[in-house]
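Single-structure report; data block below.
None of the figures in this text is laboratory data; all of them are computed from the coordinates on show. Values in this document were obtained by computation on a predicted structure and should not be read as measured data. For neighbour counting, all protein chains shown are included, and Cβ atoms are generated from backbone atoms with ideal geometry for every residue, glycine included.
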């Protein structure tokens, strides 16, 4: 008769009853299908408690790391607190600690907040009750100060768009010490890999934000395998954090840095001219065993995902963070 | 024991689905049906299909199979192409021939539904 806490409600599972059946019996609406651990409709996430191994069978690395469980296969032995997956959750307050232009279009915004996250996940930032946008985390959740406060640093790369309500506000009005609210983190595009696995990290535009986070996360966790980081852009002026990336590549012999620019006026040092898809194909022709992280516009992610899959990468090994424009 | 359990259950499906998906994308007879924009959704469908074909747990009724494929106007050529790619996948995974035969048998059992065969068209 295991006790389960779900969304402020407490229920007791009958003998042999799965978590899904218990939640349904108690009147909660939980999507479900096969009740056999195959269709993955019934996913929930653990909030507190031990995850029974059987409930994670068939889940990918990211889902496992996030504590997801197939509720139809979940028979907890001890009390467990669970929640729905992919819910934004409560609003957390954040304070602006830094705001800096990285090139003529991109602002690096650093906040501090009591929020734990995995680099590469995303957070929704609220200007006020009516305006919010989601941005990916480029930082590692390091403590902002030496005192015992549990604030973490959060770094975002904000592309400033001409008619962008949120980005224009960030550019023109938001200042250091201002407060804003955020929700999250969400997203499954974060570093989970074998230490010697080859990685391909590919980004265009501010897709570099989560990729930068994932790169640093991988290195921070001691990733040994080769890491190919490919950054694409239309023109050289769209690139940013170039020196920082070069420094990382110099300090880590397993990191290969590639800048691929569509229209390059003159071959400029380590910038290459070309098409990012062709470039990835020639740099990584056989992708069997690779872990792939793709971040940027929808069309880019879809095209490169297909290419990497056909080159041998497992579908479950390709993680993506898609940037969709606000409607 | 079902053939699904005999060949290794979900692990077998996971090993097969990427191989099968790449094969159908490369097969001109049927690639148009599988070459969709949402690869992750297509991948999930293929995983469900293979689970069913391997005799594993599934929710498909004959009616579901019929409804899902009706609008595609499929013919024997299409069905055979999928079956061939399925067999090639299993051979690549070195599944014993007797299990391959069992799996083909399961696939054949839904043929009329997939091709929307009715008493008039049979």
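Structure notes:
- Prolate/oblate/rounded label for the protein assembly as shown (Cα gyration tensor, a/c 1.5): oblate
- Segment A:90-138-segment B:1-73 distance, computed between alpha-carbon centres (Å): 40 Å
- Taking a ≥ b ≥ c as the square roots of the eigenvalues of the alpha-carbon gyration tensor, segment B:79-122 is classed prolate because a/c is 1.5 or more and a/b outweighs b/c.
- Contact order relative to length of segment A:12-145, as percent, for alpha carbon pairs under 8 angstrom and 6 or more apart: 17 percent
- Part-to-part distance (alpha-carbon centres) for segment A:266-298 and segment A:152-180, which is given in Å: 30 Å
- Label-point separation in nm, residue A:254 to residue A:142, each point 7 Å along Cα→Cβ: 2.0 nm
- DSSP bridge pairs, chain A: antiparallel proportion in percent, nearest 5: 55 percent
- Residue with peak Gaussian network fluctuation, chain A [Cα springs, cutoff 10 Å], from A:213, A:49, A:120: A:49
- At R0 = 25 Å, FRET efficiency that the Cβ-Cβ distance of residue A:270 and residue A:104 yields, to 0.05: 0.75
- Chain A: calculated mean residue ellipticity at 222 nm from DSSP helix runs of at least 4, using -39500 (n - 2.57): -5500 deg cm²/dmol
- Of all DSSP beta bridges confined to segment A:92-186, the antiparallel ones make up roughly 95%.
- Label-to-label distance, nm, for residues given as residue A:114 and residue A:195 (7 Å Cα→Cβ offset): 3.5 nm
- Here the simple spin-label model places points 7 Å from the Cα toward Cβ, and for residue A:31 and residue A:57 these points are separated by 2.3 nm.
- Order of B:52, A:69 - criterion: other Cβ atoms within 10 Å of each residue's Cβ, fewest first: B:52, A:69
- Highest mobility in the GNM of chain B, judged by mean-square fluctuation with C-alpha springs under 10 Å and restricted to B:40, B:92, B:102, is found for B:40.
- Anisotropy class of segment A:207-327 from Cα gyration tensor, a/c 1.5 cut: rounded
- Candidates A:140, A:271, A:11: whichever shows maximal mean-square fluctuation once chain A is modelled as a Gaussian network with Cα springs under 10 Å: A:11
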